[in-house]
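The values are calculated or read from the model by the stated rules, or taken from the named source; none is laboratory data. As the structure is a prediction and not an experimental result, all values here were calculated from the model. Virtual Cβ from ideal backbone geometry, glycine too; neighbours counted across all protein chains shown.
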Amino acid sequence: MEQKTVIITNELVKKYVSIDDVIEQVENTWKWYGEGKVIMPPKITTDMSSAGVNGWFNSMPSYIGPIDSAGIKVVGGYSDNPKKGLPFIRSNLLLTNPHDGFLRALICGDWISDARTGAQPAVAMKYLAAKSDIITVIGAGRQAFYAVTCISRLHKIKELRICDISKEARERFASYFPDADFDIVPYESNEEACRESDVIITLTTANAVLVEEPWCKPGSLVLTMGSFQEVSDDIARKFDKIYLDHIAQGMHRGQFLPMAERGEITADDFAAELPEIVAGKKPGRQNPEERLMCELVGMGSPDVCIATLAYERVTKAGEAVTTVDMLGE
């Protein structure tokens with residue numbers, strides 16, 4: 001039987017998958033993971049800096065039972081890319097038949113990764129945010145654009161506050177949303193932007209404390225999404241509850257890594273994994289005055305789910321795509 005691998009470009013993905021599809025698939029995959037229907041080991045990071053290569057990449061395999069699809073996301077950060085006019089984060093996905101190992105598709109994962117990253121805070125806010133009137137986003141890059149795009153689909157915003165180390169980037173951000181029905185205000189001071197904010201989201205490549213605990217009002221939600229520490233340890237220490245999307249990953253990278261290495265935090269300190277809340281196994285926000293924090297480390301399974309949707313739609317539509325006979329027979 002002839003089997004050919006399909007190669008799907010970034011543009012084809014965007015043609016057949018919408019932002020609304022991505023939001024739906026992120027919530028679906030989190031729910032399925034919380035129900036035990038997704039097999040996903042913690043991601044493995046390959047840091048190439050010790051060999052003189054200025055970059056790293058994560059290997060993120062998963063099997064998604066409800067759609068019977070397996071695959072792996074390979075995503076990395078490449079520090080020299082901005083000088084070349086390329087995005088810092090690059091992603092590719094491999095989809096395989098879980099029953100015989102046939103490589104179904106090689107799919108550019110750049111847009112999928114950005115859109116999935118943006119969908120995460122939008123979905124998390126459904127379960128953890130008390131209000132969404134004032135939202136502060138620290139980091140005005142590509143992923144912040146997708147985060148605001150997705151959040152505005154699900155939540156009513158009155159004021160969006162944008163912080164970035166680059167004055168040009170934070171002042172330019174409003175131009176990406178010319179039809180927004182909410183105010184977009186650039187802030188030079190993180191403290192001023194965070195005070196009285198309902199939701200604070202960090203989306204940077206920094207390894208620095210960008211948000212302090214006293215800046216966070218009762219009822220606030222802090223979502224950290226960078227690869228390193230972005231907010232004060234006191235937020236974890238003093239907030240009412242803390243969450244992770246994936247505890248096994250979050251204890252070994254990102255925001256909580258320094259505390260875990262010092263023995264200050266363990267898996268038992270987290271109220272829940274976010275997928276458990278989406279699956280209805282554990283409660284989300286229970287009190288409008290609670291201060292909650294959640295780190296969204298990022299799971300590869302939603303990307304595999306979205307890539308599978310793209311593969312199914314592209315092949316069903318009969319698009320003229322490049323195919324490869326991997327056996328060469």
Out of all the residues in the stretch 64-104, which are more than 21 Å from Thr46 (Cβ to Cβ), within 23 Å of the chain's Cα centre (by Cα) and polar (S, T, N, Q)?
Ser69
Across (1) of a type in the set (D, E, K, R); (2) in contact with a helix residue (DSSP H, G or I) (Cβ under 9 Å, 6 or more places away or on another chain); (3) touching a residue at least 24 places away in the same chain (Cβ under 8 Å), Asp234 clears everything bar (3)
Taking the stretch 141-158 on its own, how many of its residues are in a helix (DSSP H, G or I) and either modelled with pLDDT of 95 or more or in contact with a Ser or Thr (Cβ under 7 Å, 6 or more places away or on another chain) (or both)?
12
I'm trying to understand the selection: among the residues of the stretch 290-309, which are small (Gly, Ala, Ser) and either in contact with an Asp or Glu (Cβ under 9 Å, 6 or more places away or on another chain) or without any contact (Cβ under 8 Å) to a residue 24 or more places away in the chain (or both)?
Gly298
Report yes if Ile134 is farther than 21 Å from Ala208 by Cα and in contact with a helix residue (DSSP H, G or I) (Cβ under 8 Å, 6 or more places away or on another chain), otherwise no.
no
Looking at the stretch 248-294, which of its residues are closer than 13 Å to Asp233 by Cα, assigned to a loop (DSSP other than H, G, I, E, B) and among the hydrophobic types (A, V, I, L, M, F, W, C)?
Ile265
May I ask you to verify whether Gly226 is under 23 Å from the mean Cα position of the chain (by Cα), within 30 Å of Asp110 (Cβ to Cβ) and of a type outside the set (S, T, N, Q)?
yes
Within the stretch 278-289, considering residues that are touching a helix residue (DSSP H, G or I) at 6+ places or on another chain (Cβ under 9 Å) and surrounded by fewer than 20 Cβ atoms within 10 Å (Cβ to Cβ), the one nearest to Gly71 (Cα to Cα):
Ala279
Taking the stretch 24-57 on its own, how many of its residues are surrounded by 18 or more Cβ atoms within 10 Å (Cβ to Cβ), touching a helix residue (DSSP H, G or I) at 6+ places or on another chain (Cβ under 8 Å) and part of a strand (DSSP E or B)?
1
Within the stretch 61-78, how many residues are crowded, with 21+ Cβ neighbours inside 10 Å and charged (D, E, K, R)?
1
Any chance Glu213 is surrounded by fewer than 24 Cβ atoms within 10 Å (Cβ to Cβ) and either outside the structural domain of Ser152 (by TED's automatic domain parsing) or in contact with a Lys or Arg (Cβ under 9 Å, 6 or more places away or on another chain) (or both):
yes
Among Thr136, Thr204, Thr149, which is more than 15 Å from the chain's Cα centre (by Cα), assigned by TED's automatic domain parsing to the domain that holds Asn287 and either under 22 Å from Cys294 (Cβ atoms) or surrounded by fewer than 18 Cβ atoms within 10 Å (Cβ to Cβ) (or both)?
Thr136
Residues that are touching a residue at least 40 places away in the same chain (Cβ under 8 Å), assigned to a strand (DSSP E or B) and small (Gly, Ala, Ser), drawn from the stretch 74-124:
Gly77, Ser91, Ala105
Touching a Ser or Thr at 6+ places or on another chain (Cβ under 6 Å), within 28 Å of Cys216 (Cβ to Cβ) and touching a residue at least 60 places away in the same chain (Cβ under 8 Å): is that true of Arg285 in this structure?
no
Note: among Thr136, Thr204, just one is within 30 Å of Lys31 (Cα to Cα), of a type in the set (S, T, N, Q) and part of a loop (DSSP other than H, G, I, E, B), namely Thr204
